[in-house]
Structures are given as structure tokens and as C-alpha cells.
Amino acid sequence: MARREIIRIRPGWDLACFVVAQSLPLGRKRKRQSALGPSHRRCLETLTVHHSILHEQRPDGVHIIRFGPDLEAGSSQGQQIVRDFFGLEFLSCTMDSHCVIVDLSPIQTLDSSSLGPLVQRLRELQDRHGRLILCGLNAPALREIFALTRFDQIFEISASVESALAALDNDEDDWPS
């Protein structure tokens, strides 16, 4: 069954919405392609929130959340943007995903209002046999928070988005046909 893709702009989002779709000549309809076939493609959605948070939905259904380098993670304004995103937008923008990768590279620290939605999404994904992968835990304070709360033992952690995607590809190769 094909999934209908909708892009919603929510209050508080700066309008920067791009949809890149497979181009077709006028008057031709797209053939339904198997999700398992090599030619299967879906629209790629990329939404920008607050010019600092990038949400990418890949054709394979993986959602990638990246915090931009322009986010002043150490500032109170940067922390508020991160808090607002995890508290208000994170759960809704990853609702239909089977795998979510969150890149925390520029983030210096997270508080409980940010960690709570991460744990909630992890539980929901695990109930559906999905995955939540965190990457870029580079800041010492952030690593310490994850160690003290033992979240480093609960969450799947990867060094980078690329290594997380590679791990997903390797795991899919191991599945029986």
C-alpha cells in the first residue's frame, strides 16, 4: 500500500520547505513500483525549523534530525530552541518513521525537557520494531549526562550520521530474504 506524503508547516516554523520528486513528462502517470525494487523512489522531504534544525525524510523512510552549526548551543537562546523542538515538534515530525537518526554534534547539553521526548520516541519505535540512533555526542557535558543517566546503555549511539546509515545498511543486508 502506498503511503501518502504530506508536508505540514507548523506554527513557529520558518517557511523553508523543499520537495524533490522524480520528474515525469507531462501527461504521464507514475507507475507503482515495489518498495523492494531498486528503482523505488519516494519524495524527499526536507524541512527547516528555526534555520537551525533540519529534518530530512529519506526515500527509505529514515528520518534524520540535524542541529545546524548556526545554533549557538551554549547560549540560552540555543538551548531554548532545542528544548522547544524536542518538547513540541520532535514527536509529531517523526510519527510515521521506522527509524530516526538524531545528530547532536553541535549540542553541548540537554535537560530533562529534551531527554523525555527522546525516551518516549525510543519506546514507541521499539514497540514497532523501529530504531532511534543518536550520533555526535561530542561535548563532554553531554557525554557525562548520558553516562550519569545510563542513557548511553539504553540508546543506540553512533559516531556520525554516516556511520549510523552504514549500520542500518549492514543490518538490512543481514535480514533473510
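The values are calculated or read from the model by the stated rules, or taken from the named source; none is laboratory data. The shown structure was predicted, so the numbers you read here are calculated from the model rather than taken from an experiment. With ideal geometry, Cβ positions are generated from the backbone for all residues, glycine too; neighbour counts draw on all protein chains shown.
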Exercise for the section: Give me the pairs, please: first residue somewhere in the stretch 58-70 and more than 11 Å from residue 133 (Cβ to Cβ), second residue anywhere and in a loop (DSSP other than H, G, I, E, B), beta-carbon distance under 6 Å, and either six or more positions apart or on two chains. Expected result: 59/41; 59/42; 61/98; 67/106; 67/107; 68/52; 69/106; 70/52
Exercise for the section: Can you give me the number of residues within the stretch 60-81 that are farther than 19 Å from residue 140 by Cβ and under 15 Å from the mean Cα position of the chain (by Cα)? Expected result: 8
Problem - Selection from the stretch 98-112 of residues that are closer than 18 Å to residue 161 by Cα and hydroxyl-bearing (Ser, Thr, Tyr) - result: 105
Practice task
Go through (1) within 19 Å of residue 57 (Cα to Cα); (2) touching a residue at least 24 places away in the same chain (Cβ under 8 Å); (3) over 13 Å from the mean Cα position of the chain (by Cα) one by one and return the number of the condition residue 84 breaks.
Solution key: (1)
Exercise for the section: Output the residue which, of all residues in the stretch 113-142 that are of a type in the set (Gly, Ala, Ser) and over 23 Å from residue 165 (Cβ atoms), is surrounded by the most Cβ atoms within 10 Å (Cβ to Cβ). Expected result: 114
Problem - The one condition in (1) in a loop (DSSP other than H, G, I, E, B); (2) at pLDDT 80 or above; (3) among the aliphatic types (A, V, I, L, M); (4) farther than 22 Å from residue 151 by Cα that residue 107 fails to fulfil - result: (4)
Completion exercise
Within the stretch 137-174, the count of residues that are in contact (Cβ under 8 Å) with a residue 24 or more places away in the chain and assigned to a helix (DSSP H, G or I) comes to 11
Handout entry: Residue that is surrounded by the most Cβ atoms within 10 Å (Cβ to Cβ) [pool: residues in the stretch 87-104 that are in contact with a helix residue (DSSP H, G or I) (Cβ under 8 Å, 6 or more places away or on another chain) and part of a helix (DSSP H, G or I)]
Key = 90
Problem - Extreme residue, modelled with the highest pLDDT, among residues of the stretch 110-136 that are under 15 Å from the mean Cα position of the chain (by Cα) and part of a loop (DSSP other than H, G, I, E, B) - result: 136
